[in-house]
Amino acid sequence: MPDDLKKQDAVFKINSTFNIQNSTLQTYRFLPIFSGILIILCHPPISLSSIAYISLIPLLCSLKKDNFRQNFISGFITGIVSYLGLIYWVVIAMNSYGGIDIYTSFLILLLFALYLSFYNAIFAVSLPYLESRLSIPLFVSAPVIWVILEYLRGIVFSGFPWYLLAYSQHKFLPFIQVVSVTGPYFISFLIVAVNCIFYQIFVGKQEKAEQIKGHAFFIYMLLISVLYTGTLVYGYGRIKFNDEGDMKAAIIQGNILQNVKWDEAFKAKIIRTYCLKTLEAGKDVDLVIWPETAMPFVFNDEIYVKRIIGELSATLKTNILFGTVSRNSMGKYCNSAYVYDKTGGLTGSYNKVHLVPYGEYTPLLKYLPFLAKFTAAGGDFVSGEAHKPIETAVGKIGVLICYEGTFPYITNDTVRRGGQVLINITNDAWFGKTSAPYQHLVFYVFRAIETDRYVLRAANTGISAIIDPRGHIKQKTDIFTEDAIRGKFSLRNGQTFYVRYGDYFVLMAFLFLTALCIIKYLKNNKKGANDSSSLP
């Protein structure tokens with residue numbers, strides 16, 4: 001072959017190799033983005049629940065053996081895409097209503113998404129590492145690691161359990177009934193496990209052929225199939241629910257916009273709105289519920305308003321539960337709920353325990369004063385003492401203010417302390433007309449099933465709802481409408497397995513992974529020692 005042809009052939013091969021590598025690199029960059037998009041699509045308000053079972057496959061395809069940097073970036077990209085698509089409403093809450101400029105609001109969103117994405121990055125680097133170093137198959141480690149990281153995300157730095165993968169299944173009520181036994185993390189476990197099975201069968205790489213042919217993967221598929229089938233059998237058996245409720249509630253949705261809510265000029269109009277709607281819908285009911293900070297002022301100082309609400313409850317001969325702001329014995333502000341009984345007297349109160357960081361208080365403000373600029377206006381509240389139900393003539397009412405109900409352990413604690421019905425009062429006006437109100441609602445479908453309790457939800461601008469103990473949304477309102485709904489509920493006693501024992505499933509998952517890692521490590525060390533001793 002002439003030298004010129006040889007050179008051309010060499011150049012062609014180099015260009016071909018470069019193009020292939022470049023194409024592969026672009027593919028690996030796109031796959032994590034695709035996973036992030038799929039995660040967005042399977043959550044509310046779109047709620048394409050079936051997509052959850054394939055949402056992680058693109059991310060898994062992008063992972064490479066012994067390439068920490070690429071795997072970390074892949075997981076991080078999936079996290080960034082999914083969280084920016086799911087929590088974009090942070091900008092609206094901070095800028096439109098929190099008094100923070102638009103640039104700082106975007107910075108808060110970005111920092112928050114970056115933090116949350118670390119959990120996805122840890123997930124992505126852990127799987128190839130355990131597979132290459134300890135010979136733990138991806139399909140074994142992935143569901144366990146995902147569940148552990150979801151749990152940690154819900155408790156570290158005050159916790160943000162807003163988007164568990166389990167919540168994508170909120171419409172599939174027979175499937176999620178099992179959370180009364182296992183909690184929501186078990187649902188996430190099954191979803192990730194199915195993702196791994198599909199990945200292993202349809203897009204598994206050649207080097208994994210031995211695992212697929214072996215007994216381990218077959219046993220794994222059999223186990224997941226049994227767990228999934230058992231979950232459905234349990235769910236279809238449990239979902240039959242005959243308790244239609246023997247008590248009546250009226251939920252008032254005042255639809256007070258956030259930009260006027262705390263304006264002194266609108267104070268009388270706000271009080272009038274709730275009183276008139278209560279007179280219309282609150283006849284012949286056992287309980288009337290107003291949303292979080294329905295009375296947007298320091299209630300201790302409002303003798304006139306106290307008299308109005310007392311007379312209203314006495315006139316209707318009903319109990320009224322509402323949200324407001326109170327001042328404790330130390331002069332500090334609390335986000336509170338009060339209950340007035342049929343006689344017009346104050347019968348009990350609850351102060352919110354789990355406050356929203358940078359929304360209701362500023363963590364580490366004493367040591368890092370500059371953090372005050374990242375906190376929404378009015379973020380100087382203090383926590384209540386305990387998640388203790390309010391004892392009323394109606395029964396023991398477990399109150400969940402704002403996003404307290406997104407934490408399963410809080411509702412469990414409330415029920416353990418005697419809560420017979422759960423009431424969520426919230427002001428989702430902060431979110432504007434975004435996906436957040438729809439996302440916020442579905443968490444209470446799970447809380448109702450987990451605790452076997454009715455959930456009565458009053459949201460200032462929606463979505464207000466009545467949810468039965470099997471997760472059926474019996475009634476609900478639209479967002480940003482002035483409305484009232486009436487419905488039945490009952491007081492429930494007893495404790496589900498999940499309420500009694502909490503997140504034992506996460507602990508079991510952690511112990512299983514730890515034990516497996518130790519066994520594999522010792523086995524590999526023993527094998528290495530034997531190989532060394534056999535050398536001449």
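Restricting attention to the stretch 392-412, and to residues there that are closer than 14 Å to Lys352 by Cβ and open to solvent by 10 Å² or more (accessible area, probe 1.4 Å), which single residue is farthest from the chain's Cα centre (by Cα)?
Cys402
Tell me which residues, restricted to the stretch 229-264, are surrounded by 15 or more Cβ atoms within 10 Å (Cβ to Cβ), modelled with pLDDT of 90 or more and aromatic (Phe, Trp, Tyr).
Result: Tyr234, single match.
Hey, does the stretch 447-462 have a residue that's more than 17 Å from the chain's Cα centre (by Cα) and open to solvent by 10 Å² or more (accessible area, probe 1.4 Å)?
yes
Determine, yes or no, whether Gln475 is of a type in the set (S, T, N, Q), open to solvent by 20 Å² or more (accessible area, probe 1.4 Å), without any contact (Cβ under 8 Å) to a residue 60 or more places away in the chain and over 19 Å from Trp162 (Cβ atoms).
Yes; evaluated as a whole, the condition is true for this residue.
Using the structure shown, decide if Lys267 is open to solvent by less than 20 Å² (accessible area, probe 1.4 Å), basic (Lys, Arg) and touching a Pro at 6+ places or on another chain (Cβ under 9 Å).
Considered against the rule, which asks whether it is open to solvent by less than 20 Å² (accessible area, probe 1.4 Å), basic (Lys, Arg) and touching a Pro at 6+ places or on another chain (Cβ under 9 Å), Lys267 comes out as no.
Please work out which residue is farthest from Tyr220 (Cα to Cα), limiting yourself to the stretch 129-154 and to residues that are in contact with a Pro (Cβ under 9 Å, 6 or more places away or on another chain) and in contact (Cβ under 8 Å) with a residue 40 or more places away in the chain.
Gly154
Condition check: modelled with pLDDT under 95, assigned to a helix (DSSP H, G or I) and either open to solvent by less than 10 Å² (accessible area, probe 1.4 Å) or touching a strand residue (DSSP E or B) at 6+ places or on another chain (Cβ under 9 Å) (or both). Does Phe217 satisfy that?
yes
For the stretch 330-382, enumerate the residues that are in contact with a helix residue (DSSP H, G or I) (Cβ under 9 Å, 6 or more places away or on another chain), open to solvent by 20 Å² or more (accessible area, probe 1.4 Å), at pLDDT 55 or above and among the hydrophobic types (A, V, I, L, M, F, W, C).
Across the stretch 330-382, the qualifying residues are Leu346, Val353, Val356.
Specify which of the listed residues (Phe123, Phe118, Phe160) is part of a loop (DSSP other than H, G, I, E, B) and free of Cβ contacts under 8 Å to residues at least 60 places away in the same chain.
On inspection, the qualifying residue turns out to be Phe160.
The values are calculated or read from the model by the stated rules, or taken from the named source; none is laboratory data. This is a predicted model, so every value here is computed, not measured. Because the Cβ atoms are built from the backbone with ideal geometry, glycine has one as well, and the counts that use them run over all protein chains shown. Protein only, heavy atoms only, side chains kept; ligands, DNA and RNA dropped before computing areas. Shrake-Rupley method; radii C 1.70, N 1.55, O 1.52, S 1.80 Å.
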